[in-house]
Amino acid sequence: MRWALAIGAFIVLIVHGIVFYDQFTNRWESQQKAYFEQARVQAKTDAERISLETRKPKIEQTIVTSFGDTHVDRCQTCHIAVDDPRFVTYQQPLHTHSYSEAMGDVQKNGRWERRHKFSDFGCTICHDGQGRGLTEFDAHGKDPYWPLPMLGYVSQKDWNKKYIPDLMGKDYIEVNCAQCHTEEKFAGTPHVAKGRTLFYEKGCYGCHRIEGMSAGTLGPDLSEVGNQRKVDYLWEHTVDPRSLVPTSFMPQFKLNDEEIKSLTIFLKSRRGMNFAETALDRYKFKVTPTVPQLGGTQESEAKLTPAARGDKLIHERACLSCHKLDNIDGGISPDLSYEGLMRNDTWLMDHFKNPRSRTPDSVMPAFAFPNDDYVALTAYLETRTTPPPPMSPEQTYKALCARCHGEKGEGNGMSAVYLDPAPRNLTRAEFMTHKPEARFMQAIADGVPGTSMPVWGKVLTEQQRKAVLDYIYATFVKESPKELKSRNVAEKNPVPMSPESVARGEAIFVARCTGCHGRKADGKGPNSLDISPRPRNLRNTAFVNDTSDKRFIESITYGVEGTAMPPWIDYGLSQNDIGDIVNFIRSMNEVKR
Amino acid sequence: MSDESTSKWKVITDLKTNVVKSIFRNPLPSSDRGRAATSFTNLFLHIQPVKVSKHSLKPTYTFGLGLICMFLFIILAVTGVLLMFYYVPSTTQAYDRMLDLRGAVAFGGFLRNMHRWAAHAMVAAVFLHMCRVFFTGAYKPPREFNWVVGVVLFLLTLFSSFTGYLLPWDQLAFWAITVGTSIAGYAPLVGKEMKFVLLGDSNVGQEALLRFYVLHIAVLPIVLSTFVAVHFWRIRKDGGLAKPEEADENAGFQTVTIPLYAQDGGVPMAAAATVAAPIELPRRTFTIQGLVRGPFVKVGKLKEDNVYSWPNLLEAELFVFVLTLVGVLLVSLFFNAPLEEPVNVMHPPNPAKAPWYFLGLQELVSYSAFWGGIGIPTIEVLMLFLLPYIDRTKVGVGRWFAKERLLPNTLFMLFAVINIILMVIGIFFRGANWEFVSPF
């Protein structure tokens, strides 16, 4: 036992030694000593030399209280030469902080005088990082748990490596310049200004709210997103929303790296804190409703006709960051080039005021424009009546259909991920060959209400439409239409509408249908994610009201080939049951006048 | 040693007002009498008996677990007090103080590490100590109530650890305590009230932080110390640690010759009877009255396996202390106590996990809020409290896994293993939304 005790005591001694050594040797001490050495070499007077010889390293701390939360900045403990102009050529950390006229620094008698003094501002107000840290890892904010890594210099372990090079650089400090210098066109924050412009130009304002700038409700409020997210999240989310939020329907906008950088810097600068404002200013701002200026005053446009004004608006209000018009294409939403041939005034006005009144699962935001703007836009779109030039069926498909249905007809065109219901997968032969041609011809000609399938009836001639359909059959379906068995399906629902029928239908629906169609009958049941095409949203009023009883009864009774809809006649539903279900579906979609 | 130095030393020690003698009144013992005297001539040593059974000192009997618990508690108290010089229980200041402790205070980080790892070690050690006491049957009469005191200490240890867990005021702390107090809120009738009393508010906030701080640094240490004192007192009064009866070689029978007397007059007959008489084993008494009232005791002639506390028990204690200290120091040297992001009420982590010793509970709660969080734990604790009053047999004391105690040992082992499995599942095998994930 005694020697074990001795070994134990020895280990205690060793550990104490290690801990003492570790605690009392600090890197910042050697940095300071190096500074004293170098400064002594460059000292001009004896007094200075002597004071540097006797100077002992100690923690240098600045406490800043005038800008919101108290900042305790110990950065100058290592960066001790930050105000010593003789150290401009030295490497970090013994490097002088740059002086520049752009920062407001002035030269007096050959010496620079700093406008943003360290005694007033500290360091972390501009650079972020962790003021209280005394090691490089802590102070620079490299710890992934620290919410404020140094802007533009530090990345954290859990950041996506692909984007780290884009997140480095001096420009990122503009984020914090903008906390005090909040003017829109401040010279020192060009990226913030560009980001603000892009926020409007790209249509972000339609979905997102930023206090004082926009009122969108479809996406999260970004007024304080700079406090909630680090720059890597903001960048990655802009580039590919679904990599961070799998259920997001935010589009992937066409942006180059410069634009993404400006947007990231702008969004990061939204910290909900304007140091230039007093608490009273902030309160007054909060209670005064502001109408964001959206470019183009009414007076200068008064001379324009509505259609001309609409033309101007459609280009200025960021519509084309999603939609396509002539050569400008956002790549996300339908092509509006032939809209005058597809939709009438009423449809367009309804759609502008609330897109979901016409397409219930649309992801287009309801922009809060004044009614006159909608009138102008509608007038302009109604002028788009020139059909496309004659093209071969293949060219026609590529130009008009592939945007949604995909190059290979698989229903995965550039817009497809934003459309609900999704565009039909035309390669699904089992579906395509079990429907009469007339049905597809009608869908192409008249569109499908409640979905984004446009009305091609006036854009293409019947000949052209038939040619495209034949092309589709030949290229994507690759099988010839099957002989369709004649089925005995009633034209109208044999069960009359009544509250009792609806109640029975609801009971059957809840028991048999909600697994796919969902408890809300919106097509989002638990099985819906595993089947393709997705189950129908039975609350899509425009669609349901345009669908005949016969089609409902046939689909429920005999199923839909090529989809997961089963033939319920084989699973015990009688004709009366099915009639009740149809009444239930209709009852959900009664248009109240 | 030269004559000069010895005479110098002698001169000093012969002085009438000898400083050294005024502090240390008794010289280091060199005789048995001196060794015995240490127990009543020194404040700190009077906690120990004069003699202690060799059996109690065997490392493979107790593994020093009780001592480990005590020493960890002392380490926690010392490091805790040192940390108290820098910590402020304010929602706005606490996290910054933790950062300063880690980065700017000399030994701050190391002391915090020691405190945290000693705390986790103490919870584990207390549990293992309880298992040891059970498996050696050391809760049997006369030690029943000491077991109950021990269970109380176990619960106090858990509560101390829980209150301390909140103090760093980071995401880990905040949400762990949110989960823990929510489980407490599931109790019927009193649940909501209990949660409000714990938190001082409906949610975890400044009130909870202050309350937990006061509990952690003042109330619980005082209560714990009191119960520890009772626990030690009881050990002394019960005659030291439980030991098996076979260890006493004097048990059994001795042949005794009894002279016989005739019935009339009392004239001794020339006859004698030889009987085997049981030896009255000296039942060790620890009250002064015992000296006057007890049976005739054979003193000094019986074989004993006792040794003097000085230096044997002290050596053993020192050894355990050094081992414990080395363990805590090494772990603190190589592993840093975690400090996550500052509290963000809008960002609960997924999953939000209670401290590791409550994760078995949280796993049960995921099956049933009441039964898992309140019902089963209450039943378990009640069973623990009532254990020595349910099992009153006196067999198998002082031996590990005595065959006579197969049933109780199996049941307890089952209880311990199930709890550990549940804890392991909760720690390693549960991910977001409490779904089953593989830790590999």
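Being among the hydrophobic types (A, V, I, L, M, F, W, C), at pLDDT below 95 and over 28 Å from the mean Cα position of the chain (by Cα): is that true of A:ALA366 here? Talk me through it step by step, then tell me what you get.
Numbers: among the hydrophobic types (A, V, I, L, M, F, W, C): yes; at pLDDT below 95: yes; over 28 Å from the mean Cα position of the chain (by Cα): no.
Against the criterion (among the hydrophobic types (A, V, I, L, M, F, W, C), at pLDDT below 95 and over 28 Å from the mean Cα position of the chain (by Cα)), A:ALA366 does not qualify.
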Sole miss for B:PHE429 among (1) surrounded by 13 or more Cβ atoms within 10 Å (Cβ to Cβ); (2) at positive phi is condition (2)
If you scan the stretch B:328-375, which residues turn out to be in contact (Cβ under 8 Å) with a residue 40 or more places away in the chain and at the interface with another protein chain (Cβ under 10 Å from one of its Cβ atoms)?
-> B:VAL328, B:LEU329, B:SER332, B:LEU333, B:PRO338, B:LEU339, B:GLU340, B:GLU341, B:PRO342, B:ASN344, B:HIS347
Restricting to the stretch A:245-270, what's the tally of residues that are crowded, with 17+ Cβ neighbours inside 10 Å and assigned to a helix (DSSP H, G or I)?
-> 10
If you take the residues in the stretch B:304-319 that are at the interface with chain A (Cβ under 9 Å from one of its Cβ atoms) and crowded, with 17+ Cβ neighbours inside 10 Å, which one is farthest from B:ALA118 (Cα to Cα)?
-> B:ALA316
Failed condition for A:THR427, given (1) under 30 Å from A:TYR200 (Cα atoms); (2) among the β-branched types (Val, Ile, Thr); (3) buried (at least 18 other Cβ atoms within 10 Å of the Cβ) | (1)
Taking B:LYS140 and the conditions (1) in a helix (DSSP H, G or I); (2) more than 14 Å from chain A (Cβ to nearest Cβ), which numbered condition does it fall short on, given that it satisfies the others?
-> (1)
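Tell me the helices (runs of 4 or more DSSP H) entirely within the stretch A:160-211 that contain at least 2 residues that are of a type outside the set (Val, Ile, Thr), touching a Ser or Thr at 6+ places or on another chain (Cβ under 8 Å) and surrounded by fewer than 21 Cβ atoms within 10 Å (Cβ to Cβ). So that I can check it myself, show each step before the final result.
Values: elements: A:174-180, A:190-201, A:204-207.
Filter on the stretch A:160-211 gives A:174-180, A:190-201.
Let me confirm something: among A:THR383, A:THR378, which residue is touching a helix residue (DSSP H, G or I) at 6+ places or on another chain (Cβ under 8 Å) and either buried (at least 18 other Cβ atoms within 10 Å of the Cβ) or basic (Lys, Arg) (or both)?
Working: A:THR383 fails: either buried (at least 18 other Cβ atoms within 10 Å of the Cβ) or basic (Lys, Arg) (or both).
Exactly one of A:THR383, A:THR378 is touching a helix residue (DSSP H, G or I) at 6+ places or on another chain (Cβ under 8 Å) and either buried (at least 18 other Cβ atoms within 10 Å of the Cβ) or basic (Lys, Arg) (or both), namely A:THR378.
Within the stretch A:155-181, can you find the residues that are of a type in the set (Val, Ile, Thr) and either within 12 Å of another protein chain (Cβ to nearest Cβ) or farther than 27 Å from A:GLU277 by Cβ (or both)? Steps first, please.
Initial filter on the stretch A:155-181 (of a type in the set (Val, Ile, Thr)): A:164, A:173, A:175.
Correct list: A:ILE164 only.
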By residue number, the members of the stretch A:270-318 that are modelled with pLDDT of 75 or more, in contact with a Gly (Cβ under 6 Å, 6 or more places away or on another chain) and not hydrophobic (A, V, I, L, M, F, W, C) are A:ARG270, A:ARG271, A:GLU316
Per the list (1) more than 14 Å from chain A (Cβ to nearest Cβ); (2) part of a helix (DSSP H, G or I); (3) among the small types (Gly, Ala, Ser), residue check on B:ALA173 breaks on (1)
Scan of the stretch A:7-42 for residues that are more than 9 Å from every other protein chain (Cβ to nearest Cβ), small (Gly, Ala, Ser) and buried (at least 17 other Cβ atoms within 10 Å of the Cβ), ordered by number = A:ALA39
Go through the stretch A:216-244 residue by residue and tally those that are surrounded by fewer than 18 Cβ atoms within 10 Å (Cβ to Cβ) and either within 16 Å of A:MET364 (Cα to Cα) or assigned by TED's automatic domain parsing to the domain that holds A:LYS353 (or both).
-> 4
Among what's in the stretch A:565-584 and is β-branched (Val, Ile, Thr) and crowded, with 20+ Cβ neighbours inside 10 Å, pick the residue that is farthest from the chain's Cα centre (by Cα).
-> A:ILE578
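Just to be sure, is A:LYS58 among the charged types (D, E, K, R), within 26 Å of A:ARG114 (Cβ to Cβ), surrounded by fewer than 15 Cβ atoms within 10 Å (Cβ to Cβ) and within 14 Å of another protein chain (Cβ to nearest Cβ)?
Values: among the charged types (D, E, K, R): yes; within 26 Å of A:ARG114 (Cβ to Cβ): yes; surrounded by fewer than 15 Cβ atoms within 10 Å (Cβ to Cβ): yes; within 14 Å of another protein chain (Cβ to nearest Cβ): yes.
So A:LYS58 fits the description; yes.
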Of the conditions (1) over 39 Å from the mean Cα position of the chain (by Cα); (2) at positive phi; (3) not acidic (Asp, Glu), A:GLY68 fails just one. Which one is it?
-> (1)
Within the stretch B:86-98, restricting attention to residues that are assigned to a helix (DSSP H, G or I) and without any contact (Cβ under 8 Å) to a residue 40 or more places away in the chain, which residue is nearest to B:LEU330 (Cα to Cα)?
-> B:ARG97
What is the one condition in (1) out of contact with any strand residue (DSSP E or B) (no Cβ under 9 Å at 6 or more places or on another chain); (2) within 30 Å of B:ARG97 (Cβ to Cβ); (3) within 14 Å of another protein chain (Cβ to nearest Cβ); (4) among the charged types (D, E, K, R) that A:ARG74 does not satisfy?
-> (1)
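Quick check, is A:GLU60 in contact with a helix residue (DSSP H, G or I) (Cβ under 6 Å, 6 or more places away or on another chain), without any contact (Cβ under 8 Å) to a residue 60 or more places away in the chain and farther than 26 Å from A:VAL231 by Cβ? Break it down into steps so the answer makes sense when it comes.
Details: in contact with a helix residue (DSSP H, G or I) (Cβ under 6 Å, 6 or more places away or on another chain): yes; without any contact (Cβ under 8 Å) to a residue 60 or more places away in the chain: yes; farther than 26 Å from A:VAL231 by Cβ: yes.
For A:GLU60, the condition - in contact with a helix residue (DSSP H, G or I) (Cβ under 6 Å, 6 or more places away or on another chain), without any contact (Cβ under 8 Å) to a residue 60 or more places away in the chain and farther than 26 Å from A:VAL231 by Cβ - is met.
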Got a sec? Which of A:GLY133, A:GLY152 is away from chain B (no Cβ under 14 Å), crowded, with 18+ Cβ neighbours inside 10 Å, more than 22 Å from the chain's Cα centre (by Cα) and without any contact (Cβ under 8 Å) to a residue 60 or more places away in the chain?
-> A:GLY152
Looking at this structure, is B:VAL322 within 11 Å of chain A (Cβ to nearest Cβ) and in a helix (DSSP H, G or I)?
-> yes
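Just checking, which of B:LEU76, B:LEU72, B:LEU83, B:LEU101 is assigned to a helix (DSSP H, G or I), aliphatic (A, V, I, L, M) and in contact with a Ser or Thr (Cβ under 7 Å, 6 or more places away or on another chain)? Even if it seems obvious, please write down each step before you answer.
Details: B:LEU76 fails: in contact with a Ser or Thr (Cβ under 7 Å, 6 or more places away or on another chain); B:LEU83 fails: in contact with a Ser or Thr (Cβ under 7 Å, 6 or more places away or on another chain); B:LEU101 fails: in contact with a Ser or Thr (Cβ under 7 Å, 6 or more places away or on another chain).
Every option except B:LEU72 fails the conditions.
So how many residues does the stretch B:87-107 have that are closer than 26 Å to B:ILE222 by Cβ, within 12 Å of chain A (Cβ to nearest Cβ) and not hydrophobic (A, V, I, L, M, F, W, C)? It would help to see each step written out before you state the result.
Within the stretch B:87-107, the subset closer than 26 Å to B:ILE222 by Cβ is B:87-91, B:93-94, B:97-98, B:101.
Those left that are additionally within 12 Å of chain A (Cβ to nearest Cβ): B:93, B:97-98, B:101.
Next cut, not hydrophobic (A, V, I, L, M, F, W, C) only: B:93, B:97.
Qualifying residue count for the region: 2.
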Residue count, the stretch A:136-149 (criterion: at the interface with chain B (Cβ under 10 Å from one of its Cβ atoms) and among the acidic types (Asp, Glu)) | 2
Scan the stretch A:341-398 for residues that are in a helix (DSSP H, G or I) and out of contact with any Cys (no Cβ under 9 Å at 6 or more places or on another chain) and report the count.
-> 31
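The values are calculated or read from the model by the stated rules, or taken from the named source; none is laboratory data. All values derive from a computational prediction rather than experimental measurement. Methodologically, a virtual Cβ is constructed for each residue, glycine included, from the backbone with ideal geometry; neighbour enumeration extends over all protein chains shown.
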